[in-house]
Amino acid sequence: DQQVKQNSPSLSVQEGRISILNCDYTNSMFDYFLWYKKYPAEGPTFLISISSIKDKNEDGRFTVFLNKSAKHLSLHIVPSQPGDSAVYFCAASSNSGYALNFGKGTSLLVTP
Amino acid sequence: GAGVSQTPSNKVTEKGKYVELRCDPISGHTALYWYRQSLGQGPEFLIYFQGTGAADDSGLPNDRFFAVRPEGSVSTLKIQRTERGDSAVYLCASSLWRLVRTSWGGETQYFGPGTRLLVL
């Protein structure tokens, strides 16, 4: 039972434009959300996180938005760069546990 | 400082054999996690250690899988009687640990590069 869903397996964006990656979750107990970036043959690298008490968190070119009523979060990358090309995983955890629940990932390709 | 390291980076074994996968967490991180990532999927939780003890092993698929962390640092994931379906990337992560979760943040988990296991 997939509790974290990334419905777009892939996304292609031109360099300099905005990339928007989406994530939906079903478990209302989730209170902490993270985005990881993964290059081939490497482990996931932490990118940005957000707590359920916030609706936005920004770090440089990366912004994560959380809509609790819709159980939806999104990652915005502005401006997109070719080096951002990777697989992006959305993950969530709840206060009752420490395990991260991951989506299947979205493969982002930023073209020059 | 050094990140999470995992050895071996690749492991090829035959069906029915026993394998051990090692994880060296970030120094000072008391929490350690094992995940498994199959092709086309996100990482799936296997087991979580707080110090030396397994605080949550609910993700282990069956009793062929076992993990230890005897001194609260390095951990070993052990798989007995391997099956072809065990082929995957096994990821280890570590984090700091708070006695009580705060409402404004959780524990960020930092991942190692993974061990790619192929069971023939």
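Take the eigenvalues of the Cα gyration tensor for chain A, scale each by 5, and report the square roots as semi-axes in whole Å, largest first.
With the √(5λ) rule applied to chain A, the semi-axes are 23, 15, 12 Å.
Note down the net charge around B:Glu71, summing +1 for each Lys or Arg and -1 for each Asp or Glu among other residues with Cβ under 15 Å from its Cβ.
Values: positive: B:Arg22, B:Arg69; negative: B:Asp24.
Here the count lands on +1.
Within 10 Å of each Cβ in peptide B:84-94, how many partner chain Cβ atoms are there on average? Round it to a whole number, please. Intermediate results must be reported in sequence, preceding the final value.
Numbers: counts 0, 0, 0, 0, 0, 2, 0, 3, 1, 5, 0.
Neighbouring Cβ atoms belonging to other protein chains average 1 per residue here.
Note every residue of the stretch B:6-50 with a reduction of at least 10 square angstrom in accessible area, all protein chains present versus the isolated chain, computed with a 1.4 Å probe, or write none.
The answer is B:Tyr33, B:Tyr35, B:Gln37, B:Gly40, B:Gln41, B:Gly42, B:Pro43, B:Phe45, B:Tyr48 - residues whose exposure falls by at least 10 Å² when every protein chain is included.
Would you work out if chain B is rounded, prolate or oblate? Take a ≥ b ≥ c from the square roots of the eigenvalues of the alpha-carbon gyration tensor; rounded if a/c is under 1.5, else prolate when a/b is larger than b/c, oblate otherwise.
Prolate is the answer for chain B, as a/c is 1.5 or above and a/b outweighs b/c.
Please state the relative contact order of chain A as a whole percent: Cα pairs under 8 Å, 6+ residues apart?
37 percent
Nearest 100 Å² is fine: what is the total accessible surface buried where chains A and B meet, probe 1.4 Å?
Roughly 1900 Å² of accessible surface disappears when A and B pair.
Which residue, chosen from B:Leu77, B:Ala55, B:Ala31, occupies the Cα position most advanced towards the positive end of the dipole of chain B, where the dipole is computed from +1 (Lys, Arg) and -1 (Asp, Glu) charges on Cβ about the Cα centre?
With unit charges placed on the Cβ atoms, the residue in question is B:Leu77.
When the dipole is taken about the Cα centre of the protein assembly as shown, and only Lys, Arg (+1) and Asp, Glu (-1) are charged at their Cβ, what size is it in debye, to the nearest 20? If you can, show how the numbers build up before the last one.
Details: 23 positive and 20 negative charges, 49 e Å.
Roughly 240 debye, rounded to the nearest 20.
So what's the gap between the Cα centers of the stretch A:78-112 and the stretch B:1-18, to the nearest angstrom?
The two parts, judged by their Cα centres, are 24 Å apart.
Given Cβ point charges of +1 (Lys, Arg) and -1 (Asp, Glu) and nothing else, what value in debye, to the nearest 20, does the dipole of the stretch B:1-75 about its Cα centre take? Please report the intermediate quantities before stating the final value.
Details: 7 positive and 8 negative charges, 50 e Å.
Around 240 debye, computed over the stretch B:1-75.
Give me the accessible area per residue for the stretch A:8-112, probe 1.4 Å, as a whole number in Å².
Values: 4740 Å² over 105 residues.
Solvent-accessible surface per residue comes out at 45 Å².
Residues of the stretch A:50-76 that become at least 10 Å² less accessible with every protein chain present than in their own chain isolated, using 1.4 Å: which are they?
A:Ser51, A:Ile53
A drop of at least 40 square angstrom in accessible area, chain alone versus all protein chains together, probe 1.4 Å. Which residues of the stretch A:87-112 meet that?
The answer is A:Asn95, A:Tyr98, A:Ala99, A:Leu100, A:Phe102, A:Lys104.
About the Cα centre, and with charges only on the beta carbon of Lys, Arg (+1) and Asp, Glu (-1), how big is the dipole of chain A? Nearest 20 debye, please. Intermediate results must be reported in sequence, preceding the final value.
Values: 10 positive and 9 negative charges, 24 e Å.
Dipole size: approximately 120 debye.
Using +1 at the Cβ of each Lys and Arg and -1 at the Cβ of each Asp and Glu in chain A, identify which of A:Pro40, A:Ser51, A:Gln2 lies farthest towards the dipole's positive end.
Value: A:Gln2.
Looking only at chain A, where both bridge partners belong to it, what percent of the DSSP beta bridges are antiparallel (to the nearest 5)? Provide the component values of the computation, followed by the final result.
Working: 37 of 42 bridges.
Counting DSSP beta bridges with both partners in chain A, the antiparallel share is about 90 percent.
The values are calculated or read from the model by the stated rules, or taken from the named source; none is laboratory data. Small disclaimer: the values here were computed from a predicted structure and weren't measured. Cβ atoms come from the backbone with ideal geometry, glycine included; neighbour counts cover every protein chain shown. These area figures cover heavy atoms from the full protein model, side chains too; ligands, DNA and RNA do not enter into them. Shrake-Rupley method; radii C 1.70, N 1.55, O 1.52, S 1.80 Å.
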